[in-house]
Amino acid sequence: MTGPPLLHRLPEQYFTRILGAVAAAQAEPGPRVIDLGRGNPDLPPPPHAVAALRDAAAELTIPMHGYPKFQGEPDLRAAIAGRYRADHGVVLDPDTEVAVVPGTKTGIMFATLATAGPGDVVLLPDPGYPDYHSAIALADADEVALPLEASAGHQPDFDAVPRADRERTRLLVLNYPSNPCAVCAAPGTLDAAVAFAHAHGCVVLNDLAYGFLAYDGRRAASVLESPGARDVAIELWSASKVYGMAGWRVGFAVGAAPVVARIKALVDHLTAGVFTGIQRGLLAALSGDQGHVEERRAVYLRRRDALVASLRAAGAEIDAPEGTFYAWWRPPEGLTPERLLREHRVAVAPGEGFGARGAGWVRLSFALAEEDLAEGGARLAAAVAETVASR
Ligand SMILES: Cc1ncc(COP(=O)(O)O)c(C=O)c1O
């Protein structure tokens, strides 16, 4: 990209590139491409949240349609604290430990700018969510990969971080349940991250964008549950997946008060808050009946099982995702994303876009209509069977 120096550092937006490749394939003759590459939640928001947003929008007042409170409505911050108490047993001060942000993507940017600058290291999960790189580019900090090896269940080994990098680390980023690895934090991972932060004077950021999506009796813990976390850890929470509000652009950052204060300062200067009507809608979702969250999880679980079963029936080896609405899969040798798209008309997210350790892997999403998922699963299964038979 051209422009001032920091923009030069911005990587190509990974998902924009994938969308372009899918659109190009779609324009060619052949059956409709089934897109398993995107993670766009397909289930609608809870009706009571939509009603709250609609009612708010109909209030023709300055408080509603004027500039919002930059720091978020006090009753929304109280409801966020209430959710954390109910879901994680963590007691937050709504005034000093909660910041409302316009989506986790922006939250990642704010948290990075709030903790790291030139000469500082940010440790990033590899494989990990691609937008972390963009935040580091704009903070002009240095990134160092934190390997998540499949052999270690995609959990980090903090002892393996080189000493020179540890000394410069200002921010350690984790994301459990993991996009793209689809695993939950193993017992001890979050505690070890907090201990690392204390030992090396850095901040831990856990991106809990998929916090409600853990399967088979697992629960996605908050990093703030770990001993000593309150001084060094923050967590990002997104309304996009849990409530199907990706287009609303709202979420929050909670945890260590000094970091939250810096994030709030960035909100004041850069985004000036979130539309009050959207805050009302989120308030209704957070404080209302959570039964729909359970229903949503059940839908994704059913889809997970169907996708995994169809691939296994074709002879593929694939781990059942522990969380998120993705599967992280190493297709048989020779079955590349390009071949899947060109010959089988099914799009997947190529693993190398998530980091060097993603090479040879692909991410499959099950956030799409069940007929499409069934068709996509069938095409993948046929591709696997063909590849295995041709050996
Ligand atoms: C790990 C992770 N973090 C953050 C985001 C962005 O979430 P939001 O919609 O709240 O910006 C995503 C979206 O896919 C994600 O997968």
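The values are calculated or read from the model by the stated rules, or taken from the named source; none is laboratory data. For clarity, every value in this text was computed on a predicted model and none was experimentally measured. A quick note on method: Cβ atoms are made from the backbone with ideal geometry, for glycine too, and the neighbour counts reach across all protein chains shown. When the accessible area is computed, the model is the full protein with side chains, heavy atoms only, and any ligands, DNA or RNA have been set aside. Shrake-Rupley method; radii C 1.70, N 1.55, O 1.52, S 1.80 Å.
Side notes on the structure shown:
- Shape class for segment 105-209: oblate, because the ratio a/c of the largest to smallest gyration tensor axis (alpha-carbon atoms, square roots of eigenvalues) is 1.5 or more and b/c is at least a/b.
- In this label model, Ala78 and Glu167 are separated by 5.0 nm, measuring between points 7 Å along each Cα→Cβ vector.
- Cβ charges +1 (Lys, Arg) and -1 (Asp, Glu), total dipole of the chain, debye: 380
- Net length gained if the chain between Ala51 and Asp140 were fully extended (0.36 nm per residue, minus Cα distance): 27.8 nm
- Seen against the Cα atoms of the chain and their longest principal axis, helix 291-313 is set at about 20 degrees.
- Over segment 249-391, relative contact order from alpha-carbon pairs under 8 Å, at least 6 apart, %: 22
- Of Gly211, Gly228, Gly323, the residue with the greatest mean-square motion in the GNM of the chain, using alpha carbon springs below 10 Å, is Gly228.
- Most positive-pole-ward Cα, Val259, Gly217, Ala229, against dipole of segment 208-265 from beta carbon charges: Val259
- Label-to-label distance, nm, for residues given as Ala261 and Leu10 (7 Å Cα→Cβ offset): 3.1
- Per residue, segment 149-214 exposes 35 Å² of solvent-accessible protein surface, assessed with a 1.4 angstrom probe and all protein chains in place.
- Rounded to 5, the percent of DSSP beta bridges in the chain classed as antiparallel: 45
- Cα gyration tensor shape of segment 150-264, rounded if a/c is under 1.5, else prolate or oblate by comparing a/b with b/c: oblate
- Positive-end residue of Ser365, Ala298, Ala272, charge dipole of segment 248-391 with Cβ unit charges: Ala272
- Projected-area average for segment 1-102 over all orientations - Cα convex hull basis, square nanometres: 12.3
- R0 of 30 Å, Cβ-Cβ distance Leu43-Ala389: FRET efficiency to nearest 0.05: 0.25
- 222 nm mean residue ellipticity, helices alone, for the chain (DSSP H n ≥ 4; -39,500 (n - 2.57); rounded to 500): -13000 deg cm²/dmol
- Relative contact order of the chain: 24 percent, from C-alpha pairs under 8 Å at least 6 residues apart in sequence.
- Full extension of the chain segment joining Ala199 with Ala272 gains 22.8 nm, where the gain is 0.36 nm per residue of separation less the Cα-Cα distance.
- Rg [Å, one decimal], Dmax [Å, integer] - the chain, C-alpha atoms: 21.0, 69
- Using alpha-carbon coordinates, inclination of helix 74-88 to the longest axis of the chain, degrees: 50
- The phi-based Karplus calculation (6.51 cos²θ - 1.76 cosθ + 1.60; θ = phi - 60°) puts the 3J(HN,Hα) values of segment 191-196 at 4, 5, 5, 5, 5, 4 Hz, whole numbers, x for Gly and Pro.
- Principal-axis analysis of the Cα atoms of the chain puts helix 104-113 at an angle of about 60° to the longest axis.
- Toward the positive end of the charge dipole of the chain, with +1 on the Cβ of Lys and Arg and -1 on the Cβ of Asp and Glu, the farthest Cα among His344, Val91, Val161 is that of His344.
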